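Novice: Here it is, the structure, as structure tokens.
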Amino acid sequence: MRHEDLLTGSAEDISPTGIRQRTEAAPLLTVVVPTRNEAGNVRVLVDRIGRALRAVPAEIVFVDDSSDETVAEVGAVAATAHHDVSVVHRAPERRVGGLGGAVVEGIRAARGEWVCVIDGDLQHPPEVIPRLLDRAKEAAADIVVASRYTEHESVTAFSRARALISRSGTGLAHVLFPVRLHGVTDPLSGFFLVRRTAVDLDRLRPRGFKILFEILGRTPGLRIAEVPFEFGVRHAGESKASFREGLRYVAQLCELRVGERAWNFGRFGAVGVSGLLVNVVAFALFVRLLGVHYLAAAALATQVSTLWNFVLTEAWIFSARSRRRSAAARAGMFLVMNNAALVVRAPMLIVLVAALGLNDQLSNVLSLAALTVVRFGVADRWIWSKERPAEATWHGYDIHGLVTVASEVALPELERFRVHHAIARPTVRVRIGTLSRVQSALVAELAFLVRHTRYDEGLGRYGFGIDITVGKSIHVVASPLLRRSPHVLYTNVVEAILRWTFVKKGYALVHGACISFDDRAVLVTAKTDTGKTTTILRTLDSHRCSFLSDDLTLLAPDGRVLTYPKPLTISNHTVRAVNTPLLSRRERFFLRYQSRLHSRTGRRFAFLLAKTHLPIATINAVVQALVPPPKYHVERLVPGVEKAEEGRLAALVVIERGGDGHARLEHHEAVDILLSNCDDAFGFPPYPSIAPFLHSGNGRDLRAEERSIVTRALEALPATMLKSTTMDWSQRLPAVVNRSLPYESPEETLPILAPALPLAID
Ligand code: GDD
Ligand code: MN
């Protein structure tokens, strides 16, 4: 439970965590108002929003961190408000992220397609909101910023000093993010409208005031528009801007620019340098003032500087980490680590200078640098290691209400099915853990109750290992290595399980892309690496059609298809079909190497290895952990793409390399090809070892059931084989779909669909 509505006006009704249970239709717009001690502004604000949005289906959500009567005031005002008004009150210990954290929480609670974030002190005139909505529509934007700084506008409500600070903050943002913030005059505005589904809230690390900047910085591919407005004067109460907020912003800038780990490392290095100074001073104090022997003084000074470093590291670098170990344990480990590092330096120096013949100054710097890296690694991964998430905070996915997955690790492929409430009884649970022998012996004893299988390459936590138990639900325990390789965990474990779980529910998860022309969906199947993704991208780019899925599609026996929107893997030959300028410079750079590794040749090589006795699943997991496959959601590759939730199949198309021309397929041929393509897609280890376990059991033969679903779904459906040597399937696809219209003769090809546009190629 995250919070409850406050429509009755009694502040006692609010539970600190809760999900709103409401049944009415979702509003178009949710207005999110972060408040901290704004009691004097609530009534006027709600009133003015009410008048400005009289004709708009909207709700207002306050996210409140106040110690004054703001909450009660919202309750009182809600009773007579024109719109639905609710409030999430955050108790002092839950006020993470300050203003930004409150906004994120508000967006999570929002039900509208659009979310407008607005200050609670009326410096942002609510009358501007309709203009933001209009602009969003007109510009087909994902986000519309209400800007204080378009052309000649400036903020008259600011003092000279505040205006200067605000201007330099904005300038700094533009200097550091010239591409991302191009055309955004006011990235630090607190007033904006955003399409709720366009931001991935889990990626944000909100802290303090600059939440818009956080969203812009971490959400690639947003279509941004602006609307000018005049920043007003505060109605009542006082500003919460502070020097501390300024510092938070600088930290945010740094971290967004270089990444979290690099930013932490940089700070760790800075702390180390400050520790050196402390060491020098402490040494001098011990020797000069207290007359301690210089060797003892050196040892003592080290303890002082270590303590100094510890306090800074704790308070400044890892302050946001939830603590798994006690403070004493952290301090103890840090002390031991630093002293050990000191001891290791002497032999290191000897090796560098005497054995390798390096210059002694250089060796000194090298040894310091190396030890800083090692110490940072230990601190980051071990001393301040992140806490294992409680099950309530696991990642939950709901796939069309058919199957639910709860996973300790985020499964990026399922992102579009993500839900933000705890799933009570997930169909599949995925946990990271070590596969113990005891446990498996126990499970073997209980074999009459549950079914159990294990695939383990025998390398313990550093190798690929999974344990699957099937009872009422399916429990997966995956070895710690797989935490670092979520793509492998999903593709080679979870997806395999899902395939057969869907069959149990009467659906087939088939290997085929699906796009829909008007209401006619076409399933495009092929062997892996034929060029399916390229074909789909080109078709979407040049024809009027909507996207359902690229790799796998859910098929019902009655011929309905449901979207399965995984991010698309851009392999070597797909690169040319995508509009690469849409990706950032960094992404494009890595794409070249990633796509080579995750290409046909790469995969063939992996299959060859699989025939040997090497621990192939482990190798695969390690490689993919080091070089994650290039995966992007379709809207990043084809901007403005239309998406469909479901459709009705009108045709099956098999694409194949080699030869030219096309052929009609018999129904049974079509079924055989589609099913064999599925097996082809699911072939990589450990699949062959776990498949028999997955598709049998409880007296059911799921393979036969899957075949029967596919057989019925493809019944009376035209199926065509398109062969090509030039990979021109995308140009021929629409004709096939047109011809499949029942009221047209099969010879005719009607140019109903827009002709192919020239492709954007680099
Ligand atoms: N929930 C919550 N928690 N709300 C907060 C917090 C907090 O910790 N701190 C401030 N707020 C609320 C205030 O109650 C107000 O509704 C809104 O956030 C803006 O706070 P002000 O204190 O009025 O900030 P400002 O007017 O100085 O700053 C404005 O301009 C900045 C750009 O210069 C805001 O719009 C900022 O978001 C913006 O970055
Ligand atoms: Mn303000």
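The values are calculated or read from the model by the stated rules, or taken from the named source; none is laboratory data. Bear in mind the structure is a predicted one, so any value in this text is a computation, not a measurement. Cβ placement follows ideal geometry from the backbone for every residue including glycine, while neighbour counts extend to all protein chains displayed.
Novice: Hey, can you tell me all the residues within region 123-146 that are of a type in the set (A, V, I, L, M, F, W, C) and not in a helix (DSSP H, G or I)? Spell out the reasoning first.
Specialist: Let us first name the residues in region 123-146 that are of a type in the set (A, V, I, L, M, F, W, C), namely 128-129, 132-133, 136, 139-141, 143-146.
Matches in region 123-146: 140, 141, 143, 144, 145, 146.
Novice: What pairs come up if the first residue lies in region 400-415 and is on the phi > 0 side of the Ramachandran plot, the second is in a helix (DSSP H, G or I), and their beta carbons are under 9 Å apart, counting only those six or more places apart or on different chains?
Specialist: The qualifying pairs are 400/417.
Novice: Only residues that are within 22 Å of residue 586 (Cβ to Cβ) and among the aromatic types (Phe, Trp, Tyr): list them for region 249-280, please.
Specialist: 263, 265
Novice: Tell me yes or no: at least one residue of region 365-379 is free of Cβ contacts under 8 Å to residues at least 24 places away in the same chain and crowded, with 19+ Cβ neighbours inside 10 Å.
Specialist: yes
A quick yes/no check of all residues on (1) within 16 Å of ligand 1 (Cβ to nearest atom); (2) over 23 Å from residue 639 (Cβ atoms); (3) touching a residue at least 40 places away in the same chain (Cβ under 8 Å):
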residue: 129; (1), (2), (3): yes, yes, yes
residue: 134; (1), (2), (3): no, no, no
residue: 160; (1), (2), (3): yes, yes, no
residue: 168; (1), (2), (3): yes, yes, no
residue: 206; (1), (2), (3): yes, yes, yes
residue: 212; (1), (2), (3): yes, no, yes
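Novice: Report every pair of residues separated by at least 6 positions or lying on different chains whose Cβ atoms are under 8 Å apart, first residue within region 98-122 and in contact (Cβ under 8 Å) with a residue 12 or more places away in the chain and part of a loop (DSSP other than H, G, I, E, B), second of a type in the set (S, T, N, Q) and more than 16 Å from ligand 2 (Cβ to nearest atom).
Specialist: 110/30; 111/30; 112/30; 113/197
Novice: Please state which of the following conditions residue 125 fails to meet, knowing it meets all the rest: (1) within 31 Å of the chain's Cα centre (by Cα); (2) in contact (Cβ under 8 Å) with a residue 12 or more places away in the chain; (3) surrounded by fewer than 18 Cβ atoms within 10 Å (Cβ to Cβ).
Specialist: With (1) within 31 Å of the chain's Cα centre (by Cα); (2) in contact (Cβ under 8 Å) with a residue 12 or more places away in the chain; (3) surrounded by fewer than 18 Cβ atoms within 10 Å (Cβ to Cβ) applied to residue 125, the lone miss is (1).
Novice: Let me ask something else. Kindly provide the set of residues from region 91-122 that are aliphatic (A, V, I, L, M) and either more than 16 Å from ligand 2 (Cβ to nearest atom) or surrounded by fewer than 22 Cβ atoms within 10 Å (Cβ to Cβ) (or both), ordered by number. Step through it out loud before you land on a result.
Specialist: Of region 91-122, the ones aliphatic (A, V, I, L, M) are 91, 96, 99, 102-104, 107, 109-110, 115, 117-118, 122.
Residues satisfying the conditions are 91, 96, 104, 107, 109, 110, 115, 122.
Novice: From 88, 63, 74, which residue is in contact with a helix residue (DSSP H, G or I) (Cβ under 9 Å, 6 or more places away or on another chain), buried (at least 18 other Cβ atoms within 10 Å of the Cβ), among the hydrophobic types (A, V, I, L, M, F, W, C) and part of a helix (DSSP H, G or I)? Working first, answer last.
Specialist: On the way: 88 fails: part of a helix (DSSP H, G or I); 63 fails: part of a helix (DSSP H, G or I).
Going through 88, 63, 74 in turn, just one is in contact with a helix residue (DSSP H, G or I) (Cβ under 9 Å, 6 or more places away or on another chain), buried (at least 18 other Cβ atoms within 10 Å of the Cβ), among the hydrophobic types (A, V, I, L, M, F, W, C) and part of a helix (DSSP H, G or I): 74.
Novice: While we're looking at this one, here's another question. Do we have any residue at all in region 222-236 that's free of Cβ contacts under 8 Å to residues at least 60 places away in the same chain and among the aliphatic types (A, V, I, L, M)? Spell out the reasoning first.
Specialist: So the first thing to find is which residues in region 222-236 are free of Cβ contacts under 8 Å to residues at least 60 places away in the same chain, and the list is none.
Among the residues of region 222-236, not one is free of Cβ contacts under 8 Å to residues at least 60 places away in the same chain and among the aliphatic types (A, V, I, L, M), which makes the answer no.
Novice: Now for a separate question. Can you tell me which residues in region 651-696 are surrounded by 15 or more Cβ atoms within 10 Å (Cβ to Cβ), in contact with a strand residue (DSSP E or B) (Cβ under 7 Å, 6 or more places away or on another chain) and over 18 Å from residue 512 (Cβ atoms)?
Specialist: Residues satisfying the conditions are 686, 690, 693.
Novice: Next question. Collect the residues in region 190-200 that are away from ligand 1 (no atom under 16 Å from the Cβ) and of a type outside the set (Asp, Glu), keeping them in residue-number order.
Specialist: The first filter runs over region 190-200 and keeps only residues away from ligand 1 (no atom under 16 Å from the Cβ), leaving 195-200.
Listed by number, the residues that qualify are 195, 196, 197, 198, 199.
Novice: For region 36-94, how many residues are aliphatic (A, V, I, L, M) and away from ligand 1 (no atom under 14 Å from the Cβ)?
Specialist: Filtering region 36-94 for residues aliphatic (A, V, I, L, M) gives 39, 42, 44-46, 49, 52-53, 55-56, 58, 60-61, 63, 71-72, 74, 76-79, 81, 85, 87-88, 91.
Then keep just the ones that are away from ligand 1 (no atom under 14 Å from the Cβ); that gives 52-53, 55-56, 58, 72, 76-79, 81, 85.
Matching residues across region 36-94 total 12.
Novice: Name the pairs whose Cβ atoms lie under 9 Å apart, with the first residue in region 246-270 and in contact (Cβ under 8 Å) with a residue 60 or more places away in the chain, the second surrounded by fewer than 19 Cβ atoms within 10 Å (Cβ to Cβ) and of a type in the set (Lys, Arg), and 6 or more positions between them or separate chains?
Specialist: Partner pairs satisfying both residue conditions: 256/205; 256/218.
Novice: For region 28-37, check the following and say yes or no: at least one residue is within 24 Å of residue 188 (Cα to Cα), assigned to a helix (DSSP H, G or I) and touching a residue at least 24 places away in the same chain (Cβ under 8 Å). Steps first, answer last, please.
Specialist: Step one: list which residues in region 28-37 are within 24 Å of residue 188 (Cα to Cα), which gives 29-37.
From the residues that got through so far, the ones that are assigned to a helix (DSSP H, G or I) too are none.
Within region 28-37, none of the residues are within 24 Å of residue 188 (Cα to Cα), assigned to a helix (DSSP H, G or I) and touching a residue at least 24 places away in the same chain (Cβ under 8 Å).
Novice: Please report, ordered by residue number, the helices (runs of 4 or more DSSP H) entirely within region 626-715 with at least 1 residues that are at negative phi and of a type in the set (Phe, Trp, Tyr).
Specialist: Working: elements: 634-637, 667-681, 687-694, 702-714.
The helices (runs of 4 or more DSSP H) meeting that bar are 687-694.
Novice: Name the residues in region 245-261 that are of a type outside the set (A, V, I, L, M) and more than 16 Å from ligand 2 (Cβ to nearest atom), would you? Lay out the reasoning, then the answer.
Specialist: Going residue by residue through region 245-261, those that are of a type outside the set (A, V, I, L, M) are 245-246, 248-249, 252, 254-255, 257, 259-261.
If the condition is that a residue be of a type outside the set (A, V, I, L, M) and more than 16 Å from ligand 2 (Cβ to nearest atom), then 248, 252, 254, 255, 257, 259, 260, 261 are the ones that fit.
Novice: Run down 104, 144 and say which single residue is closer than 24 Å to residue 223 by Cβ and either within 12 Å of ligand 1 (Cβ to nearest atom) or touching a Gly at 6+ places or on another chain (Cβ under 9 Å) (or both). Steps first, answer last, please.
Specialist: Values: 144 fails: either within 12 Å of ligand 1 (Cβ to nearest atom) or touching a Gly at 6+ places or on another chain (Cβ under 9 Å) (or both).
Only one candidate qualifies: 104.
Novice: Follow-up question, since we're still on this one. For residue 62, only one of the following conditions fails: (1) of a type outside the set (Lys, Arg); (2) in contact with a Gly (Cβ under 7 Å, 6 or more places away or on another chain); (3) modelled with pLDDT of 95 or more. What is its number?
Specialist: Evaluating residue 62 over (1) of a type outside the set (Lys, Arg); (2) in contact with a Gly (Cβ under 7 Å, 6 or more places away or on another chain); (3) modelled with pLDDT of 95 or more leaves (2) as the failure.
Novice: Looking at residue 595 and the list (1) part of a helix (DSSP H, G or I); (2) at pLDDT 85 or above; (3) surrounded by 18 or more Cβ atoms within 10 Å (Cβ to Cβ), which single condition is not satisfied?
Specialist: Answer for residue 595: the failing condition is (2).
Novice: A follow-up question, please. Step by step: first the residues of region 123-142, then only those that are more than 16 Å from ligand 2 (Cβ to nearest atom) and touching a helix residue (DSSP H, G or I) at 6+ places or on another chain (Cβ under 8 Å), then the one that is nearest to residue 236 (Cα to Cα). Which residue is that? Working first, answer last.
Specialist: Here is the first cut: in region 123-142, the residues more than 16 Å from ligand 2 (Cβ to nearest atom) are 127, 129-142.
Now narrow it down to the ones that are touching a helix residue (DSSP H, G or I) at 6+ places or on another chain (Cβ under 8 Å): 127, 129-130, 141-142.
On the way: 127: 18, 129: 21, 130: 24, 141: 33, 142: 32 Å.
The residue in question is 127.
Novice: Now, a different point. Of the residues that sit in region 445-484 and are crowded, with 20+ Cβ neighbours inside 10 Å and among the aromatic types (Phe, Trp, Tyr), which one is modelled with the lowest pLDDT?
Specialist: The qualifying residue modelled with the lowest pLDDT is 455.
Novice: Hey, can you tell me all the residues within region 205-242 that are within 16 Å of ligand 2 (Cβ to nearest atom) and of a type in the set (Phe, Trp, Tyr)? Outline the logic, then answer.
Specialist: Pass one, region 205-242, residues within 16 Å of ligand 2 (Cβ to nearest atom): 208-212, 229-242.
Residues satisfying the conditions are 209, 229, 231.
Novice: Of the residues that make up region 484-501, is at least one among the aromatic types (Phe, Trp, Tyr), more than 22 Å from the chain's Cα centre (by Cα) and not in a helix (DSSP H, G or I)? Show your work before the answer.
Specialist: First, the residues of region 484-501 that are among the aromatic types (Phe, Trp, Tyr): 490, 500.
Now narrow it down to the ones that are more than 22 Å from the chain's Cα centre (by Cα): 500.
In the following step, the residues that additionally are not in a helix (DSSP H, G or I) were identified as none.
Looking for residues that are among the aromatic types (Phe, Trp, Tyr), more than 22 Å from the chain's Cα centre (by Cα) and not in a helix (DSSP H, G or I), one finds none in region 484-501, hence no.
Novice: Right, residue 203: among the basic types (Lys, Arg) and modelled with pLDDT under 90 or not? Give the derivation first.
Specialist: On the way: among the basic types (Lys, Arg): yes; modelled with pLDDT under 90: yes.
Answer is yes for this residue.
Novice: Also, quick follow-up: Would you say residue 541 is modelled with pLDDT of 90 or more, acidic (Asp, Glu) and surrounded by fewer than 23 Cβ atoms within 10 Å (Cβ to Cβ)? Explain how you work it out, then say what you get.
Specialist: Numbers: modelled with pLDDT of 90 or more: no; acidic (Asp, Glu): yes; surrounded by fewer than 23 Cβ atoms within 10 Å (Cβ to Cβ): yes.
It is false that residue 541 is modelled with pLDDT of 90 or more, acidic (Asp, Glu) and surrounded by fewer than 23 Cβ atoms within 10 Å (Cβ to Cβ).
Novice: So in region 222-259, with the set limited to residues that are surrounded by 12 or more Cβ atoms within 10 Å (Cβ to Cβ) and among the acidic types (Asp, Glu), which one is farthest from ligand 1 (Cβ to nearest atom)?
Specialist: 255
Novice: Scan region 706-740 for residues that are crowded, with 17+ Cβ neighbours inside 10 Å and closer than 17 Å to residue 509 by Cα and jot them down.
Specialist: Listed by number, the residues that qualify are 706, 707, 709, 710, 711, 713, 714.
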